[in-house]
Amino acid sequence: MQTTTATAARHAFDNSWSTHLRASLVLGIPFVGAQLTQLAIHTTDVLMVGRLGPTELAAIVLGTQFFFTFFVFGSGFTHAVVPMVAHAVGRGDAVAVRRSVRMGIWVVLLYGLLTMPVLWNAEPILIALGQQPAVAALAGHYLHIAQWGMFPSLIIMVLRALLAGYERAGVILWVTIATLLLNVLLCYVLIYGHFGFPALGIEGAAYAALGVATLGVVLLLIYIRAVPKLHDLDIFVRFWRPDWGMFREVVMLGLPIAFTILAEAGLFTAASLLMGTVGTSELAAHGIALQFASIAFMIPLGLAQAGTVRVGLALGRGDVFGVRRAAMAILVLASVVSIIGSLIFAVMPYRLAGLFLDTARPDAAAVLAVAGPLIVIAGAFQLVDGLQAVGAGLLRGLKDARVPMILAMIAYWPIGFFSAWLFALPLGLGANGVWYGFVLGLIAAAVMLLGRFFRTLKRMEANPAAFQAGLAAKG
């Protein structure tokens, strides 16, 4: 009987490979573009403030990283809204969509309020952590302004969840591009003082960051209001009315996602500190390799976000076979892209490293000698990093976050960071050893997360009704 039901479900929806691959690309490409554009916004800030001097450059790096640590944790709650909306859209429940988005905004507004005292007091915190007083002071001035951007930045992420659920991700890319262009203009005007504006230095970059985040929210709200299907949701009608059950679901699903993201970000921060104990040239080379890996990672990360939506939509409409097809389509696309990137890294590592160095400087050769092999290792790193990111995204589509958090933390720290330390220092492999540890940790994460997804999928296929009942009971 279950076999007959499953076969009927396969024919109830269009689950052809071409349909799933096309839908994954339509949703994934805007996510990838938005991720790359967001990275470009950060790079623009660093490059333009860097022209003011080394103290200002150090302060903007310190200030943005301080802000980013809190932002990335808060983004866990917005990632929780994605499968909640996707499931509701899949089953045609507009009321649940509205409730999910409203309470998602409630949660991030509350989170933003909780972060304000810490961000406001960033200067004494940074000094207590051993940073130079002059750098900490500038970073503190930056954060006094930029901290207000926490609210619109996280609201954008919640609205992105709404748009992704209705597979309207294209507007997300165009809005991000618009904010990038405005950011370049505002930084040029406010940092350096052009067109009659005062030169505000690093504080100008903070005002620019706040301005572009606010613009992003406004543009997305205008779009939502202009599209009848989205406007009819009445997201902000009686916005002040609480929905504590949905509020709790956002928090309980978002917390493990937040800790997972923070654990991964913390791994790379700790690894950079570890690399600094190996040597200065090694740390510089590590920074170059990590920059390339970060850029390449935006592609599987965007596909992972698309995977959350595609799996969530299929599960919401009760299409278990569609869940498998959606997952496989995302995995195929992510694997192909990662393999191409890995080959590029392997074929021209020294040429890529040279893009970040003035090769005429006498100290460049030492950095280049270390950076080349690291970029080759980064190729293997990219493949497994993409797979573990997709594994996490697919599990989020099933609203499965607590056990994946534990698995990811084990992979990142007891396996990944310990291996990096072991290979780099006791075993004497130096900079390469740190990256060998990265690869080993991410292999473990990919195996455990994808293994859990496919085991869960088999249980769903064996008894889809029981799984749906359990999912409903969780939220």
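Here are some notes:
Okay, residues lined up against (1) touching a Gly at 6+ places or on another chain (Cβ under 9 Å); (2) farther than 17 Å from ALA285 by Cβ; (3) outside any helix (DSSP H, G or I); (4) modelled with pLDDT of 90 or more:
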{"site": "PHE417", "(1), (2), (3), (4)": "yes, yes, no, yes"}
{"site": "LEU427", "(1), (2), (3), (4)": "yes, yes, yes, yes"}
{"site": "GLY433", "(1), (2), (3), (4)": "no, no, no, yes"}
{"site": "LEU440", "(1), (2), (3), (4)": "yes, yes, no, yes"}
{"site": "ALA445", "(1), (2), (3), (4)": "yes, yes, no, yes"}
{"site": "MET448", "(1), (2), (3), (4)": "yes, yes, no, yes"}
{"site": "ARG452", "(1), (2), (3), (4)": "yes, yes, no, yes"}
{"site": "LYS458", "(1), (2), (3), (4)": "no, yes, no, yes"}
{"site": "GLU461", "(1), (2), (3), (4)": "no, yes, no, no"}
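- Take the conditions (1) in a helix (DSSP H, G or I); (2) under 22 Å from PHE236 (Cα atoms); (3) open to solvent by 50 Å² or more (accessible area, probe 1.4 Å); PRO83 misses just one of them, which is (3).
- Test for PHE68: is it modelled with pLDDT of 75 or more and surrounded by fewer than 22 Cβ atoms within 10 Å (Cβ to Cβ): yes
- Residue match in the stretch 169-181 (condition: at pLDDT below 95, in a helix (DSSP H, G or I), among the β-branched types (Val, Ile, Thr) and open to solvent by 40 Å² or more (accessible area, probe 1.4 Å)): yes
- Scope the stretch 237-265; condition without any contact (Cβ under 8 Å) to a residue 24 or more places away in the chain and of a type in the set (Phe, Trp, Tyr); matching residues: TRP240, TRP244
- In this entry, LEU185 is excluded by the filter for residues that are at pLDDT 90 or above, surrounded by 18 or more Cβ atoms within 10 Å (Cβ to Cβ) and of a type outside the set (Asp, Glu).
- Check on ALA146, farther than 30 Å from THR19 by Cβ and crowded, with 19+ Cβ neighbours inside 10 Å: yes
- Some residue of the stretch 393-416 being more than 24 Å from the chain's Cα centre (by Cα) and either open to solvent by less than 50 Å² (accessible area, probe 1.4 Å) or in contact (Cβ under 8 Å) with a residue 24 or more places away in the chain (or both): no
- Unmet criterion (only one of (1) surrounded by fewer than 23 Cβ atoms within 10 Å (Cβ to Cβ); (2) modelled with pLDDT of 90 or more; (3) within 18 Å of the chain's Cα centre (by Cα); (4) not aliphatic (A, V, I, L, M)) for PHE77: (1)
- Residue check for GLU282: under 30 Å from ALA371 (Cβ atoms), open to solvent by 40 Å² or more (accessible area, probe 1.4 Å) and of a type in the set (Asp, Glu): yes
- Here SER342 fulfils each of the conditions (1) closer than 26 Å to HIS20 by Cα; (2) in contact with a Phe, Trp or Tyr (Cβ under 7 Å, 6 or more places away or on another chain); (3) among the small types (Gly, Ala, Ser) apart from (2).
- For the stretch 228-258, the set of residues classified as part of a helix (DSSP H, G or I) and either buried (at least 19 other Cβ atoms within 10 Å of the Cβ) or among the aliphatic types (A, V, I, L, M) (or both) consists of LEU230, MET246, GLU249, VAL250, VAL251, MET252, LEU253, GLY254, LEU255, PRO256, ILE257, ALA258, listed by residue number.
- Residue in the stretch 287-294 that is within 25 Å of ILE406 (Cα to Cα), in contact (Cβ under 8 Å) with a residue 60 or more places away in the chain and either open to solvent by less than 30 Å² (accessible area, probe 1.4 Å) or not in a helix (DSSP H, G or I) (or both) present: yes
- The sole residue among ARG102, ARG160 that is out of contact with any helix residue (DSSP H, G or I) (no Cβ under 6 Å at 6 or more places or on another chain) and crowded, with 21+ Cβ neighbours inside 10 Å is ARG102.
- Hey, GLY28 in contact (Cβ under 8 Å) with a residue 24 or more places away in the chain, surrounded by fewer than 21 Cβ atoms within 10 Å (Cβ to Cβ) and in contact with a Gly (Cβ under 8 Å, 6 or more places away or on another chain) or not: no
- Every condition in (1) closer than 30 Å to ALA329 by Cβ; (2) within 15 Å of the chain's Cα centre (by Cα) holds for GLY266 except the one numbered (1).
- Filter result (assigned to a helix (DSSP H, G or I) and on the phi > 0 side of the Ramachandran plot) within the stretch 383-415: none
- Number of positions in the stretch 311-330 that are open to solvent by 20 Å² or more (accessible area, probe 1.4 Å) and either out of contact with any Gly (no Cβ under 7 Å at 6 or more places or on another chain) or among the β-branched types (Val, Ile, Thr) (or both): 5
- Among the candidates GLY112, GLY92, residue that is surrounded by 15 or more Cβ atoms within 10 Å (Cβ to Cβ) and of a type outside the set (A, V, I, L, M): GLY112
For every residue, the table says whether it meets (1) in contact with a Pro (Cβ under 8 Å, 6 or more places away or on another chain); (2) assigned to a helix (DSSP H, G or I); (3) β-branched (Val, Ile, Thr); (4) farther than 16 Å from MET103 by Cα.
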position	(1), (2), (3), (4)
LEU154	no, yes, no, no
ALA164	no, yes, no, yes
TYR188	no, yes, no, yes
HIS194	no, no, no, yes
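- Looking at LEU210, LEU219, LEU159, just one residue is among the aliphatic types (A, V, I, L, M) and under 19 Å from the mean Cα position of the chain (by Cα), and that residue is LEU159.
The values are calculated or read from the model by the stated rules, or taken from the named source; none is laboratory data. Since we're looking at a predicted model, the values are computed, not measured. Using ideal geometry, Cβ is built from the backbone for each residue, glycine included, and neighbour counts are taken over all protein chains shown. All accessible areas refer to the heavy atoms of the entire protein, side chains included, with ligands and DNA or RNA removed. Shrake-Rupley method; radii C 1.70, N 1.55, O 1.52, S 1.80 Å.
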